1. It is to be established whether one or more residues within region 85-98 are in the same structural domain as THR139 (by the TED database), open to solvent by 80 Å² or more (accessible area, probe 1.4 Å), at negative phi and among the aliphatic types (A, V, I, L, M).
2. Does region 231-239 contain at least one residue that is open to solvent by less than 70 Å² (accessible area, probe 1.4 Å), touching a Phe, Trp or Tyr at 6+ places or on another chain (Cβ under 9 Å) and closer than 23 Å to GLN160 by Cα?
3. Take the residues in region 1-40 that are crowded, with 21+ Cβ neighbours inside 10 Å and of a type in the set (Gly, Ala, Ser), then tell me which one is farthest from GLU141 (Cα to Cα).
4. Within region 57-70, work out how many residues are assigned to a helix (DSSP H, G or I), without any contact (Cβ under 8 Å) to a residue 40 or more places away in the chain and either more than 17 Å from GLY114 (Cα to Cα) or among the basic types (Lys, Arg) (or both).
5. Within region 191-220, take every residue that is among the hydroxyl-bearing types (Ser, Thr, Tyr) and within 12 Å of GLU181 (Cβ to Cβ) and give me the one that is least open to solvent (accessible area, probe 1.4 Å).
6. Counting only residues that are out of contact with any helix residue (DSSP H, G or I) (no Cβ under 7 Å at 6 or more places or on another chain) and acidic (Asp, Glu), which one in region 119-149 is modelled with the lowest pLDDT?
7. Need pairs with beta-carbon distance below 7 Å; first residue hydroxyl-bearing (Ser, Thr, Tyr) and within region 124-150, second part of a helix (DSSP H, G or I); sequence gap 6+ or separate chains.
8. Would you call LEU161 modelled with pLDDT under 90, within 28 Å of SER56 (Cβ to Cβ) and of a type outside the set (Val, Ile, Thr)?
Amino acid sequence: MNADFMSIVEAIQQQTDSAGIREIMYDAIENYGFQRFIISGLPDRGQDVRPFVLLSGWNDEWYERYTSLGYVHLDPVARNCFSTTRPFDWSDAPYDREADLPAHRVMEEARDFGMDEGFCVPIHMEGGMQGVVSLVGGTQELDDKRRLELHMLALYAHGQLRFLNSSRTDLVPRRAITDRESEVLKWVAAGKTAGEIADITGLSARTVNQHCENAQQRLGTNNRVHTVVEAIRHKLIIL
C-alpha cells in the first residue's frame, strides 16, 4: 500500500465522530472516481434499515426514498452482499430484469438520481451480521491494486464507525496476536502475497498462511483484509 493510502487509513483511525469520517471518505473516494457512498449494516427481511445506517453520503432525497420504502430488501446490490465475501461492481449483482420487477424498479430509480454505476464491499461481522460499504461511480479504471485499497478502506471505515457507535467501546478488548503474526500481517497490508512474504521473512508460504489463519481466528475475522483492518484498529500492528 502506498503512503498516501496509509495516511487515509491512519486519519480514519484518529477520528472521534462520524462527521470527520464523512469528510475523509468524500476526499478519499474522489481519488478513485467515486462521488457518493453509504456505510451500513444490512437488516433481516422486514426490518427498517435506518437504525443500521452508520454513515450516509447519499443524496438526501434518494436516501429518504430508499430507506422509507424498504428498498434495501429489493435492491439486488444489497442482496448480493449476503451471497459473497468479495467486493463487486453493482452491474455484477445478479437479478432477473424480466421477472424481478421490484429489483429492476429500484435500479432504474437509482439511475434517475445519477446512481447507475458503483462498487460494493460486503462486510461480514461477528454473530452472522451483514454490512455494506457501497460507492457510487464508474469502475472502469479500477485495477486490482485500487480494488484492494478500496476493500481495505471500506472495512476500516465500517469498523471505526461501529466502534464509535458502540455503547460499549470502553469494554472492547485489546486482543493479542504473536510477534510473527504481526509481522506477517504488516506485509499483507503492504499487498504482498504469501510467496512474497515467505521470501522476505524466510518462512515457507505454508507457514505464512498458517500465521494468517491463526491471527484471523484470534481476531474473529472472516478474511485477511478484515484481519489486517482489525489488527490496525486494535493497534496490534502499526503501518
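1. No, region 85-98 contains no residue that is in the same structural domain as THR139 (by the TED database), open to solvent by 80 Å² or more (accessible area, probe 1.4 Å), at negative phi and among the aliphatic types (A, V, I, L, M).
2. yes
3. Looking at the filtered set, the residue picked out is SER40.
4. Qualifying residue count for the region: 2.
5. Start the filter on region 191-220 by keeping residues that are among the hydroxyl-bearing types (Ser, Thr, Tyr), which leaves 193, 201, 204, 207.
Next, from what is left, pick out any that are within 12 Å of GLU181 (Cβ to Cβ): 201, 207.
Working: THR201: 28, THR207: 53 Å².
This residue is THR201.
6. We begin by selecting, within region 119-149, every residue out of contact with any helix residue (DSSP H, G or I) (no Cβ under 7 Å at 6 or more places or on another chain); these are 122, 124-130, 136-148.
Next cut, acidic (Asp, Glu) only: 126, 141, 143-144.
On the way: GLU126: 66, GLU141: 89, ASP143: 94, ASP144: 92.
Among those that are out of contact with any helix residue (DSSP H, G or I) (no Cβ under 7 Å at 6 or more places or on another chain) and acidic (Asp, Glu), it is GLU126.
7. Every condition considered, the pairs that remain are SER134/VAL77.
8. Details: modelled with pLDDT under 90: no; within 28 Å of SER56 (Cβ to Cβ): yes; of a type outside the set (Val, Ile, Thr): yes.
Criteria not met by LEU161.
The values are calculated or read from the model by the stated rules, or taken from the named source; none is laboratory data. Computed from a predicted model, the values in this text were never measured in an experiment. Cβ sites come from the backbone with ideal geometry, for glycine too, and all protein chains shown count toward neighbours. Note: areas computed on protein heavy atoms with side chains; ligands, DNA, RNA excluded. Shrake-Rupley method; radii C 1.70, N 1.55, O 1.52, S 1.80 Å.
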